[in-house]
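A short reminder: the numbers here are calculations on the coordinates, not readings from a lab. Only a predicted model underlies this, so the values are computations on that prediction, with no experimental measurement involved. In this analysis, Cβ positions are derived from the backbone assuming ideal geometry, glycine residues included, and neighbour counts consider all displayed protein chains.
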Amino acid sequence: MAKYKLEYIWLDGYTPVPNLRAKTQIKEFDSMPTLDQLPMWGFDGSSTMQAEGRSSDCMLKPVACYPDTTRLNGVLVMCEVMMPDGTTPHPTNSRATILDDPDAWFGFEQEYFLYQDGKPLGFPSDGYPAPQGPYYCGVGYQAVGEIARQIVDEHLDLCLDAGINHEGINAEVAKGQWEFQIFGKGSKNAADQIWVARYILMRLCEKYGVDVEFHCKPIRGDWNGSGMHSNFSTKYLRETGGKEYFEALMAQFAKNMEEHIAVYGPDNHMRLTGLHETQSIDKFTYGVADRGSSIRVPHAFVNNGYKGYLEDRRPNSQGDPYAIASRILKTISEVPTK
C-alpha cells in the first residue's frame, strides 16, 4: 500500500465571495483512490466563518477528486461543507442548492488578472501602460510581459494532468489579464472543475510571488473588467429548441433579471456599464453575435433552427459557478417545453 496525500478543498463562509481553503490528509491505498473511497473529514468552522467556537465542528464531504501531479501520490479532493451530522448541507454550501441535470452543459470562461507588487503584471511602477488594443491574444514581451505565459501554460498543463476539461486559454483585452475556458457536462461537474482550476492557479502562483485577482473591475477607467461568461444548454435546447421556445426563454430571463444579477458576482455594477463589451446592469437584452448584450446568441444557434447553446455574459469573474448554474437552470425550468 502507498501513502496518498489527499488535499481536501472547500469554500469558506466569507461573504460576498467565499475563499478557497485546503488541508492535507494522509491515507493508505493500494492504488489511486476513487471518490467512494475518500472519507469525510472534520475541520474547525470557527476559523472559516462557518461555526462558533463553542460548537466549531464542520464536516467535509468529498464530491469530486482529481490527480495532483505536483505531489507524489497527490489527490485534489473537492468537498461540500456539511453540518456535524454529516448529512445536512451547511448554509454556506451553494453546491447543494443546484438541481443538477447531467444533460445540462456549461462552458465557463474564467477571466482574471495576474498581480505583482500591487499592480497587474506588465504595468509600469507609476501610471499605466499603452491603452488597450494589442494585448488581446497578444504575443511578445510588450504584450504579455515576462512570466505570465509561463504561469498560464503551467496552469494549463496541471489542469489537463488532473483531468480538468480545459478548452482553451488566451491573453485578454487588458494588460495582465488572462482567461481559461472549462466545459463540463452536468452543472455540478462543470462548477467543480472551475473551483479546482481556480485553486490550482492560486497555488501555482505562490512560487512566482504573484497573486490572482478575480475582482470584476480591479482597474478603474478605460480598461476591461473580468467576467465569467457562462455558456449553457440543455438537452431540449440542443435537440428541439425553436424560435418560439427561445423567445419564451429570453422573456423568462428578462423577468428574472434581478435574481440573476444577485448571484452573478459582487460589484457587478462596476463592470456592467454598457461599455467594454457589456450591457448595463439594469437592462436585459439579447442579440446575435452581440457582445454588448446580456445574452449573446451565436449565429450557429439561429442557423440551426434556434438550437444549441447560449452565452450569458453577465456573470463576473468572482461569481460562484454553483450559484450561477443553479440560477440559470431555475429560470430554464420555468419555461414549459412541448
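Of note:
- Its Cα centre serving as origin, the stretch 185-315 has a Cβ charge dipole (Lys and Arg +1, Asp and Glu -1) of approximately 320 debye.
- Residues T337, T87, ranked from the fewest to the most other C-beta atoms within 10 Å, line up as T87, T337.
- About the Cα centre, charge dipole magnitude for the stretch 244-306 (Lys/Arg +1, Asp/Glu -1 at Cβ), debye: 140
- Over all other residues within a Cβ to Cβ distance under 10 Å of Y115, the charged ones net out to -2, with Lys and Arg as +1 and Asp and Glu as -1.
- On the principal axes of its alpha-carbon atoms, the stretch 2-93 has extents of 38, 25, 19 Å, going from largest to smallest.
- Average projection area in nm² (convex hull over Cα atoms of the chain, one quarter of hull surface): 18.4
- Residue exposure proxy: C137, C65, ordered by other Cβ atoms within 10 angstrom of their Cβ from fewest to most, comes out as C137, C65.
- Note on the chain: with charges restricted to the Cβ of Lys and Arg (+1) and Asp and Glu (-1), its dipole about the Cα centre is near 360 debye.
- With neighbour counts taken as other beta-carbon atoms within 10 Å, the residues F106, F123 rank, fewest first, as F123, F106.
- Estimated vicinal HN-Hα couplings, Hz - the stretch 230-237 in sequence order (Karplus 6.51, -1.76, 1.60; Gly, Pro = x): 10, 8, 9, 7, 10, 4, 5, 5
- Helical runs (DSSP H, four residues minimum) scored at -39500 (n - 2.57) apiece and divided by the length of the chain put the mean residue ellipticity at 222 nm at -7500 deg cm²/dmol.
- The mean sequence distance of close C-alpha pairs (under 8 Å, at least 6 residues apart), as a share of the length of the chain, puts its relative contact order at 16 percent.
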